[in-house]
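**Q** Handing you a structure now.
Quick note: the coordinates plus some simple rules give every number you see, no bench work behind them. Since this is a predicted model, take the numbers as computed values, not measurements. For neighbour counting, all protein chains shown are included, and Cβ atoms are generated from backbone atoms with ideal geometry for every residue, glycine included.
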Amino acid sequence: MPHLARAQKDAFWRDGYLLVEDVADPGLLAVLRRDFSAWVDESRSRSVPWGETIDGRPRFDLELKDHGPGHPALRRVNSPTEVSDAYRRAMAASKMTGIVAELIGPNVKFHHSKINSKLPGAGTEVKWHQDFAFTPHSNDDIITALLFIDEVTADNGPLEIVAGTHRGEIHSLWQGDAFTAAVSEEVAARSRRSAVRCLGPAGACCFMHTRLLHGSAPNHSDHPRTLFIAVYTAEDAVPLSPNPVPSSMEGMVVAGERTGKVRSIDFELRLPQLPRTASFFDQQATAAAGAGAGKDYTF
Ligand SMILES: O=C(O)CCC(=O)C(=O)O
């Protein structure tokens, strides 16, 4: 039984995003929330990012300037699917997985996942960018699925997108010789003028094309904004740079089958730098302050 109507699929390819409600049912949402609250509680006793993912960088990242035991500012959990059955299930075997397969399937692979959190009082923001420039592949049948663990409102730092931009230019994340992990201020200003906010109840999910321009402002409310973000690719899309959020599950076929084929499209971009610290938030902040927070690599 398909989850999407023809009109919803057409809207996704026309606009570059699709918002669907009731993607996570109340039972799944409850366990996703339970695991996230436990990590927030643990963060109260931490003063620096902690834990370890498979490349040795921290799993749990803090917005240090706003963080303290009484006002936790946990802003990122890297690869939660490796440490939580609930997040693994949401990624690999849920309605979210099924919808992604209807959009870019039949054969779909997992690439990486994370939780982006904006707790009340934390100033975390996401500067404008397109995901494809961080995770280039041989083709762009790639979806970033952003599952709302909390209700997303106009005030708690919603995802903002510019509809249709997935069909346009790939904007550089380099400004001159600096990797800023964000598009130029000119493109960002233009994006802000035509942005649409993705709002909805807990359990909704925004399915976003990898080339769609997006960003998000800080949370100005008293309510948390927690997103579980899972990135999926067509099985014949082969990565052209290392995974910025490495996962032991990268490449897992979550729908259809493995064909071993490669499909390519024509495009050009400058390869990204990998973050040195727990997440790209430092790359965006440090670049704004005029220094580099990433590292070049060679295959
Ligand atoms: O957390 C957000 O608001 C934005 C997430 C994002 O930019 C991404 O997943 O690429």
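**Q** Would you mind working out the magnitude of the charge dipole of the range 4-96 relative to its Cα centre, with +1 at each Lys and Arg C-beta and -1 at each Asp and Glu C-beta, to the nearest 20 Debye?
**A** With Lys and Arg at +1 and Asp and Glu at -1, about 100 debye.
**Q** Treating cross-link reach as a plain straight distance, find the aspartates and glutamates whose alpha-carbon is under 17 Å from the alpha-carbon of Lys118, omitting any fewer than eight places away in the same chain.
**A** Within the straight-line limit of under 17 Å, Lys118 reaches these aspartates and glutamates: Asp35, Asp41, Glu42, Asp61, Glu63, Asp66, Asp150, Glu151, Asp155, Glu160, Asp222, Asp282.
**Q** As an exercise, find the ratio Rg/Rh for the range 11-161 from alpha-carbon atoms, using the Kirkwood inverse-distance average for Rh.
**A** 0.95
**Q** Using the Cα centre of the chain as the reference point, and only Cβ charges (+1 on K/R, -1 on D/E), how large is the resulting charge dipole? Debye, rounded to the nearest 20.
**A** For this selection, approximately 40 debye.
**Q** Here is a follow-up. Using helices alone, I'd like the mean residue ellipticity at 222 nm for the chain: each DSSP H run of four-plus residues gives -39500 (n - 2.57), total over residue count, nearest 500.
**A** Values: 6 runs with 64 residues, N = 299.
Computed mean residue ellipticity for the chain: -6500 deg cm²/dmol.
**Q** Let me ask something additional. Cross-link partners among lysines for Lys9, C-alpha distance below 23 Å, same-chain residues fewer than 8 apart left out?
**A** List returned: Lys95, Lys109.
**Q** Does the chain come out rounded, prolate or oblate, given a ≥ b ≥ c as the square roots of the eigenvalues of its C-alpha gyration tensor, rounded meaning a/c under 1.5 and, failing that, prolate meaning a/b above b/c?
**A** rounded
**Q** Still on this structure, I have one more. Relative contact order (percent) for the chain, with alpha-carbon contacts under 8 angstrom and 6 or more residues of separation?
**A** Taking the mean separation of contacting Cα pairs over the length of the chain, I get 27 percent.
**Q** Only loop residues by DSSP count here, and only those with at most 16 other Cβ atoms within 10 Å; note down the chymotrypsin sites (Phe, Trp or Tyr not before Pro) in the range 165-221 that meet that.
**A** Listed in order of number, the matching sites amount to none.
**Q** Given the options Arg88, Arg167, Arg190, state which has the largest fluctuation in a GNM of the chain using a 10 Å cut-off (strictly under) for Cα springs.
**A** Residue with maximal mean-square fluctuation among Arg88, Arg167, Arg190: Arg190.
**Q** If you average the alpha carbon positions of the range 169-227 and of the range 1-52, how far apart do those two centres end up, in angstrom?
**A** Here the two parts' Cα centres lie 17 Å apart.
**Q** Rounded, prolate or oblate: which one fits the range 1-76, using the alpha carbon gyration tensor with axes a ≥ b ≥ c (rounded when a/c is under 1.5, else prolate when a/b beats b/c, else oblate)?
**A** Prolate is the answer for the range 1-76, as a/c is 1.5 or above and a/b outweighs b/c.
**Q** Tell me whether the range 170-244 comes out rounded, prolate or oblate; compute the Cα gyration tensor, take square roots of the eigenvalues as a ≥ b ≥ c, and use a/c under 1.5 as the rounded threshold. It would help to have the intermediate numbers written out before the result.
**A** On the way: a/c = 1.94, a/b = 1.15, b/c = 1.68.
Note, shape of the range 170-244 comes out oblate.
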